[in-house]
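One structure is given here, and the rest of the page talks about it.
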Amino acid sequence: MNIKKCAVIGAGFIGAAHVEALRRLGNVEVAALCDALGAEDKAARLGIDRWYSDYRAMMDELPLDVVHICTPNYTHYEIAKCAIEHGVHFVCEKPFTMTIEQARELTAMAEKKGIRGAVNFHSRMYPMVKELRDMICAGELGEIFTVHGEYIQDWLLYETDYSWRLEGVQVGKTRAIADIGSHWLDMAEFVTGLRIRRVMARFRTVYPVRKKPAAKVETFSTASVQEYSNISIDTEDAAVVLLEFSNGAIGSLVVSQVFAGRKNSCGIKVAGSRSAASWDSEDLNHLWIGNRDRANGVLAKDPALLHSGAAAAVSYPGGHIEGFPDAFKQNFKQFYASLAEDGTYDYATIRDGLREMELCEAIFDSAQSGRWVTLTEETMI
């Protein structure tokens, strides 16, 4: 077996999720962990022998096949560029970069040097999302009329909730759209096979000033904090986006990180001339199917009942629940397979990452101008 050596850069919530998924593949060794703060302790907790506080030194020293970039948004560009310069493939958390210009530069560099890159839009890899895609490709929904949905969470509901993700200097022009809305946008184009060609958006920052804890608080943490400082917020807590697709279909997206009671609900509803279908990440092993002239139905995840493309993304027999960690595993499985053999794979490439940067930029421009923004023909390819 050809074992690939990788390193994970960034050991927060998402970095640990990468480590866990990689270890399930069987043909990947997590050779090192890199984190700017407390790398030795974090590596010990994750059972990784080698640790670094400087990713450049790590790539200079270790013969790596892949690095996984799980750091704050503003660091993605420099780390990915370093990987390309070292001839190392990479998997990057979203968003790909802070700006479209950075994303275009990295894409050109990687393609010139033959470096494979992926952006971790793992929602593509849920079996029932892939089943919806297969149904649409097979014409079972007919002509697509509408596509709408939401990505809603409540972890920033209170003014005392805080994270580095709130700071524009670390995340870029948009926060809720780039952080979670990008997952939905990628999923919508992936399942329908359509391109979003026009957007109209409204943003709302619920708390223009938030109370930042004096001590560091991890993402999604609800730890009690006693001391705060007031910080001005320049990124959106919630957004509503109207969409127009390449075939004339219309749609809408609601994104919120201040929606009480929803911890991580990403849902999509697609309606066509023959039938409709609906999926939600908080019930991710089921796909609702709506009909006009016969009973509606709910399809449960079972490889024996799914189209071949979706069945290939299933790890366990019907009745055995799969979830967030399994989507990561399936995503990385495809990426590492692509390093060994050319073929057709469903993971989001860096070109898909660039595409989402262009969509987020268009949505931001619309929210700022109050007008519809049309994506150029170049971004529609």
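At least 2 residues being among the β-branched types (Val, Ile, Thr) and under 23 Å from LYS329 (Cα atoms) is the threshold, and among the helices (runs of 4 or more DSSP H) wholly inside the stretch 1-65 those reaching it are 13-23. A Cβ distance below 6 Å, combined with a sequence gap of six or more or placement on separate chains, defines the contacts here; from the stretch 101-123, residues that are farther than 12 Å from GLU85 by Cα and not assigned by TED's automatic domain parsing to the domain that holds ASN264 reach residues that are of a type in the set (Ser, Thr, Tyr) and buried (at least 24 other Cβ atoms within 10 Å of the Cβ) in the pairs ALA103/THR97.
What are the residues in the stretch 82-97 that are more than 21 Å from SER163 (Cβ to Cβ) and within 20 Å of the chain's Cα centre (by Cα), if any?
Those that are more than 21 Å from SER163 (Cβ to Cβ) and within 20 Å of the chain's Cα centre (by Cα): HIS89, PHE90, VAL91.
Scanning the stretch 273-322 for residues that are over 25 Å from the mean Cα position of the chain (by Cα), without any contact (Cβ under 8 Å) to a residue 12 or more places away in the chain and outside any loop (DSSP other than H, G, I, E, B) returns a single hit, GLY297.
Condition check for VAL255 on (1) in contact with a helix residue (DSSP H, G or I) (Cβ under 9 Å, 6 or more places away or on another chain); (2) among the aliphatic types (A, V, I, L, M); (3) within 19 Å of GLY193 (Cβ to Cβ): one failure, at (3).
Among the residues of the stretch 327-354, those identified as touching a residue at least 24 places away in the same chain (Cβ under 8 Å) and either in a loop (DSSP other than H, G, I, E, B) or out of contact with any helix residue (DSSP H, G or I) (no Cβ under 7 Å at 6 or more places or on another chain) (or both) are LYS333, GLN334, PHE335, TYR336, SER338, LEU339, ALA340, ASP346, TYR347, ALA348, THR349. Inside the stretch 22-39, residues that are surrounded by 14 or more Cβ atoms within 10 Å (Cβ to Cβ) and without any contact (Cβ under 8 Å) to a residue 60 or more places away in the chain make up a count of 10.
The values are calculated or read from the model by the stated rules, or taken from the named source; none is laboratory data. Keep in mind it's a predicted model, so treat the numbers as computed, not measured. As a convention, Cβ positions derive from the backbone with ideal geometry for all residues, glycine included, and neighbour counts pool all protein chains shown.
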